[in-house]
Amino acid sequence: MELVNVEKKGRIGIIVMNNQKALNALSEKFLGELNEAFDVVEADSDVDVVIITGFEVEVEKDGVKKMKRSFIAGADIKEMLPLTPAESIRWGKVGSDLNLRIENFKVPVIAAINGFCLGGGNELAMSCDIRIASDKASFGQPEVGLGITPGAGGTQRLARLVGAGIAKELIYTGRVIKPDEAYRIGLVNRVVPAEELMDTAIALAEEILKNSQVAVQQSKRCINFGLQTDIQTGNAFEQQAFAVTNGTEDKKIGMTAFVEKNPVKNFVGR
Ligand code: DAK
């Protein structure tokens, strides 16, 4: 992969998007590499949480040093410009499918949003389980200003996350908002200083990793399923997950530790 790096820290897979020239704009090639990066972490059975973030490098222009960073500055406008309606369906499927893949990824995916998080970038971030923002990030769905609608779940996931009224305001205006507003409307879970972003995401991942991963993954399935159905069907689905976790070694480990007044040492993930 040229534009995406995959690193590993213990049981955390870290995907770093590194398409610096285009601020991580989502071209077909870049999306292909992002899929490959998810293939890598998916194939590694030791990885129980994934963090996805963007590049951050120091650059010098006219003798002045500054940080250049981006999460994803949207879908690649230069690639989209010549698309016909028919071509846009094939082209758009790659991005849409990747977001569904992330949303349904077996293990939790945390977006550590370090910079521009626009259009298709915000759509990808919203497909992640949890979003942590740097104070240098910016968010928006600016598609209508380019004459198109959001196309990779923006109208659907933004309305579900922040409510229809706020989603409509953001999408109709295309306004770009700062992290404090993103936090206020519930688009991100928290905002931290840029230099603390990765440590915060890793600490959060480690907090998740202390628990039973069967139970975490079953919880993820229940929440995602429940958001798309009525409460009775959602509760029935949850009952199934509860039954699954009641047959695991992790349940014995967790509950025995409680009853014997010991801390849980190690869950085994089954
Ligand atoms: N596409 C292509 N290139 C981009 C880009 C983008 N979205 N964003 C930035 N770049 C490129 C710039 O063209 C520039 O390249 P060169 O000119 O140097 O070759 C380089 O990155 C640096 O950008 P700037 O010079 O503009 O950098 P600044 O710091 O001045 O500004 C910016 C950064 C992020 C504010 C600005 O670049 C910007 O406004 N970018 C566009 C943001 C935007 O409108 N994004 C939304 C795009 S629409 C779908 C799935 C998804 C979508 C649609 C359908 N289907 C599944 C159907 C999504 C649509 C979108 O995301």
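Scan the range 106-125 residue by residue and report those that are open to solvent by 10 Å² or more (accessible area, probe 1.4 Å) and closer than 15 Å to VAL162 by Cβ.
none
May I ask you to say which residue of GLU36, GLU60 is farther than 15 Å from VAL109 by Cα and within 16 Å of the ligand (Cβ to nearest atom)?
GLU60
Tell me, please, whether a residue that is assigned to a loop (DSSP other than H, G, I, E, B), basic (Lys, Arg), open to solvent by 40 Å² or more (accessible area, probe 1.4 Å) and within 16 Å of the ligand (Cβ to nearest atom) can be found in the range 131-139.
Yes, the range 131-139 contains at least one residue that is assigned to a loop (DSSP other than H, G, I, E, B), basic (Lys, Arg), open to solvent by 40 Å² or more (accessible area, probe 1.4 Å) and within 16 Å of the ligand (Cβ to nearest atom).
So, of the residues in the range 85-105 that are under 13 Å from the mean Cα position of the chain (by Cα) and more than 11 Å from the ligand (Cβ to nearest atom), which turns out to be surrounded by the fewest Cβ atoms within 10 Å (Cβ to Cβ)?
ASN104
Just one of SER88, SER70, SER138 is modelled with pLDDT under 95 and of a type in the set (S, T, N, Q); which is it?
So the residue among SER88, SER70, SER138 that is modelled with pLDDT under 95 and of a type in the set (S, T, N, Q) is SER88.
Within the set of pairs 6 or more residues apart or between chains, which connect a residue that is under 25 Å from ALA205 (Cβ atoms) and part of a helix (DSSP H, G or I) inside the range 168-191 to a residue that is open to solvent by less than 20 Å² (accessible area, probe 1.4 Å) and aromatic (Phe, Trp, Tyr) with Cβ atoms less than 9 Å apart?
Filtered contacts from the range 168-191: PRO179/PHE139; ALA182/PHE139.
Search the range 63-79 for residues being surrounded by 13 or more Cβ atoms within 10 Å (Cβ to Cβ) and in a strand (DSSP E or B), and hand back the single one that is nearest to the ligand (Cβ to nearest atom).
Across the range 63-79, the extreme among qualifying residues is ALA75.
Being more than 20 Å from ILE208 (Cα to Cα), more than 9 Å from the ligand (Cβ to nearest atom) and in a loop (DSSP other than H, G, I, E, B): is that true of PRO82 here?
yes
Taking the range 1-34 as the search range and keeping residues that are assigned to a loop (DSSP other than H, G, I, E, B) and of a type in the set (A, V, I, L, M), which one is farthest from the chain's Cα centre (by Cα)?
For the range 1-34, the residue satisfying everything is MET1.
Restricting the search to the range 35-56, which residues are surrounded by 10 or more Cβ atoms within 10 Å (Cβ to Cβ) and more than 19 Å from the chain's Cα centre (by Cα)?
ASP46, the sole residue that qualifies.
In the range 1-32, which residues are open to solvent by less than 60 Å² (accessible area, probe 1.4 Å), within 16 Å of the ligand (Cβ to nearest atom) and either on the phi > 0 side of the Ramachandran plot or in contact with an Asp or Glu (Cβ under 7 Å, 6 or more places away or on another chain) (or both)?
The answer is LEU3, ALA22, LEU23, ASN24, ALA25, LEU26, SER27.
Which one of these does VAL144 not meet: (1) of a type in the set (A, V, I, L, M, F, W, C); (2) more than 30 Å from LEU209 (Cβ to Cβ); (3) more than 8 Å from the ligand (Cβ to nearest atom); (4) assigned to a loop (DSSP other than H, G, I, E, B)?
Unmet for VAL144, out of (1) of a type in the set (A, V, I, L, M, F, W, C); (2) more than 30 Å from LEU209 (Cβ to Cβ); (3) more than 8 Å from the ligand (Cβ to nearest atom); (4) assigned to a loop (DSSP other than H, G, I, E, B): (4).
Across the range 240-270, which residue is most open to solvent (accessible area, probe 1.4 Å) among those that are among the small types (Gly, Ala, Ser) and assigned to a helix (DSSP H, G or I)?
ALA243
Which pairs do you get when a residue that is without any contact (Cβ under 8 Å) to a residue 40 or more places away in the chain and part of a loop (DSSP other than H, G, I, E, B), found in the range 107-120, comes within reach of a residue that is more than 10 Å from the ligand (Cβ to nearest atom) and open to solvent by less than 10 Å² (accessible area, probe 1.4 Å), reach meaning Cβ atoms under 7 angstrom, with the pair 6+ apart or on two chains?
Matching pairs, first to second residue: none at all.
The values are calculated or read from the model by the stated rules, or taken from the named source; none is laboratory data. This one's a predicted model, so the numbers in the text were calculated from it and none came from an experiment. So basically every Cβ, Gly included, is an ideal-geometry build from the backbone, and we count neighbours across all protein chains shown. Just the protein is used for accessible areas: all its heavy atoms, side chains included, with ligands, DNA and RNA removed. Shrake-Rupley method; radii C 1.70, N 1.55, O 1.52, S 1.80 Å.
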